Amino acid sequence: MAYTFNKSKEMFKRATKVIPQGIYGHFNPATTIPGSYPYFISHAKGPRFWDIDGNEYIDYVCAYGPMLLGYAHDKVDEAFAKQAKKGTSTTPPSTLLVDLAEKMVDTIDCADWAMFAKNGADTTSWAMVIARGYKKRNKIVLAEGGYHGTQPWAGSNHVGITPTDRKDILMVPWGDAAAFEKIVAENKDQIAGAMFTPYHHPVFAHSKLPDPGFWSKMRKICDENDIVLIIDDVRVGWRLDIKGSAHAFGFKPDLACYCKAIANGYPISAIVGNEKMRLSASKVFHTGSYWNNSPEMAAAMACIDEMKAVDAAGICNARGTQLKNGLIQIATSHGLQFEVSGPPVMPFIKFANEDNFKRSQLFCKECSLNGVYFLWHHNMFLSAAHTEEDIKKTLDVADAAFKVVKQQFGG
Ligand SMILES: Cc1ncc(COP(=O)(O)O)c(C=O)c1O
């Protein structure tokens, strides 16, 4: 029987009275199809969650990334709970601060040091400041359509942001080394840093992998011009490669930002850097009320150990490949032109013969109403908790959803 969402709708009504937008930010239901997605969950385990109306979903959003090992992972949760009994925010930090920094340095290819915060935006802002402190320059290059958080300089929002907030931001298309080289020449000795995601994962558009030679060219331009190369690995980090996404693409950044998936859902983020950046990083004053909390650090230690033990990136890749191949094959069998872009661990889905996403929205709606949580506007995420059986069930649901798309659109 198709799902209904009476309790979700009722709760959303209550929410709108006391919370602007009801549910804010990227969890806001504005991008979902009205009446076909749940708004509130009751609980989650492994690759599944259950909404407050009792409907069950195989989830391909993983809380927009953090759930790399799956929801409510026993080992990570136990590590968090055990440490929380010893205190959460404490005056001097616990020794886990050092243990975790050592683990980050041992794990991530480009890291000679690590520092911790709470959100991805903390670390992307921090990285900019460290880069500016390095050569006392102001300008930062970002990619068009990239996302580094909601802070005013990142420009993902237009309300309440002034031109001054973005005065020193220069933009280039992602993946265009020639455009980067040109902007560097035009702003000689003024650019402090360049911040990019390891591959392009914009919203409402296909993901784009780097061309061969792109990253070595970018590294060379940055080296020749003393520009700090910053990789925002907040979203991709550890799904592609436990040594960091830059390692997967064969280069070393000067700074890299991590957040989602460090502690499988517990709030902690990290910035790592090389020796060159150590001095500037140590001069910058940056801190936060909860940045030294030890339970999140214990969770991160357990999460990194488990990601390595089970080869989480390998499992995500295998399941993502099974999903991608299955979706394309089934869509083709229905005479539909369906595309899946990005690495299989973070697929973006789209019908090739449309720009208005109407087919994608119908497809995702049919999947949601039958227990598969897909997104049409944003890349999705695989986890190490998704099993082959889960993917098979998902493909059965997708088969029926493609049929509905075919009936309604004809191709
Ligand atoms: C690539 C990237 N950078 C930065 C951020 C900001 O992270 P946060 O929302 O934790 O501040 C995100 C969040 O989705 C992201 O995907």
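The values are calculated or read from the model by the stated rules, or taken from the named source; none is laboratory data. All of these numbers come straight from a predicted model, not from anything done at the bench. Please note: Cβ atoms are built from the backbone with ideal geometry, for glycine as well, and neighbour counts cover all protein chains shown. Quick note on the areas: whole protein, heavy atoms, side chains included, nothing else; ligands and nucleic acids left out. Shrake-Rupley method; radii C 1.70, N 1.55, O 1.52, S 1.80 Å.
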Going by the conditions given, is Ala194 open to solvent by less than 60 Å² (accessible area, probe 1.4 Å), farther than 29 Å from Gly25 by Cβ and not in a loop (DSSP other than H, G, I, E, B)?
no
Which residues, taken from region 305-344, are of a type in the set (S, T, N, Q) and outside any strand (DSSP E or B)?
Asn317, Thr321, Gln322, Asn325, Gln329, Thr332, Ser333, Gln337
What pairs come up if the first residue lies in region 252-274 and is under 19 Å from Gly70 (Cβ atoms) and open to solvent by 10 Å² or more (accessible area, probe 1.4 Å), the second is of a type in the set (Lys, Arg) and within 14 Å of the ligand (Cβ to nearest atom), and their beta carbons are under 8 Å apart, counting only those six or more places apart or on different chains?
Lys260/Arg235; Pro267/Lys118
Region 244-269: number of residues that are within 23 Å of Pro210 (Cβ to Cβ) and within 16 Å of the ligand (Cβ to nearest atom):
13
When you check Thr4 against the structure, is it open to solvent by 20 Å² or more (accessible area, probe 1.4 Å), in a helix (DSSP H, G or I) and among the polar types (S, T, N, Q), yes or no?
no
Could you say whether any residue in region 134-143 is crowded, with 20+ Cβ neighbours inside 10 Å and within 13 Å of the ligand (Cβ to nearest atom)?
yes
Conditions (1) surrounded by 12 or more Cβ atoms within 10 Å (Cβ to Cβ); (2) touching a residue at least 40 places away in the same chain (Cβ under 8 Å) -> Ala154 fails only (2)
Looking only at residues in region 95-120 that are open to solvent by less than 30 Å² (accessible area, probe 1.4 Å) and either in a loop (DSSP other than H, G, I, E, B) or without any contact (Cβ under 8 Å) to a residue 60 or more places away in the chain (or both), which one is nearest to the ligand (Cβ to nearest atom)?
Lys118
So Thr150 ticks every box in (1) more than 24 Å from Ala313 (Cβ to Cβ); (2) at pLDDT 95 or above; (3) within 16 Å of the ligand (Cβ to nearest atom) but one. Which box is left unticked?
(2)
Just one of the numbered conditions (1) in contact with a strand residue (DSSP E or B) (Cβ under 8 Å, 6 or more places away or on another chain); (2) away from the ligand (no atom under 16 Å from the Cβ); (3) assigned to a helix (DSSP H, G or I) is not true of Asn292; which one?
(3)
Tally, over region 7-55, of residues that are closer than 26 Å to Val159 by Cβ, outside any loop (DSSP other than H, G, I, E, B) and touching a Phe, Trp or Tyr at 6+ places or on another chain (Cβ under 7 Å):
3
Among Glu306, Glu339, the single one that is under 21 Å from the mean Cα position of the chain (by Cα), touching a residue at least 60 places away in the same chain (Cβ under 8 Å) and within 30 Å of Leu96 (Cα to Cα) is Glu306
Determine whether Pro66 is of a type outside the set (Asp, Glu), over 16 Å from Met297 (Cα atoms) and either open to solvent by 60 Å² or more (accessible area, probe 1.4 Å) or part of a loop (DSSP other than H, G, I, E, B) (or both).
no
When region 23-63 is examined, which residues are found to be open to solvent by 20 Å² or more (accessible area, probe 1.4 Å), within 16 Å of the ligand (Cβ to nearest atom) and at pLDDT 95 or above?
Ala63
Extreme residue, nearest to the chain's Cα centre (by Cα), among residues of region 221-237 that are among the charged types (D, E, K, R) and over 15 Å from Phe249 (Cα atoms)
Arg235
Looking only at region 215-237, and only at residues there that are within 13 Å of the ligand (Cβ to nearest atom) and in a loop (DSSP other than H, G, I, E, B), the one that is surrounded by the fewest Cβ atoms within 10 Å (Cβ to Cβ):
Arg235
Among the residues of region 174-191, is any surrounded by fewer than 17 Cβ atoms within 10 Å (Cβ to Cβ), modelled with pLDDT under 95 and at positive phi?
no
Given the structure, is Leu240 within 16 Å of the ligand (Cβ to nearest atom) and either out of contact with any strand residue (DSSP E or B) (no Cβ under 6 Å at 6 or more places or on another chain) or not assigned by TED's automatic domain parsing to the domain that holds Asp112 (or both)?
yes
Just give me the residues in region 199-212 being open to solvent by less than 50 Å² (accessible area, probe 1.4 Å) and not hydrophobic (A, V, I, L, M, F, W, C), in sequence order.
Tyr199, His200, His201, Pro202, Ser207, Pro210
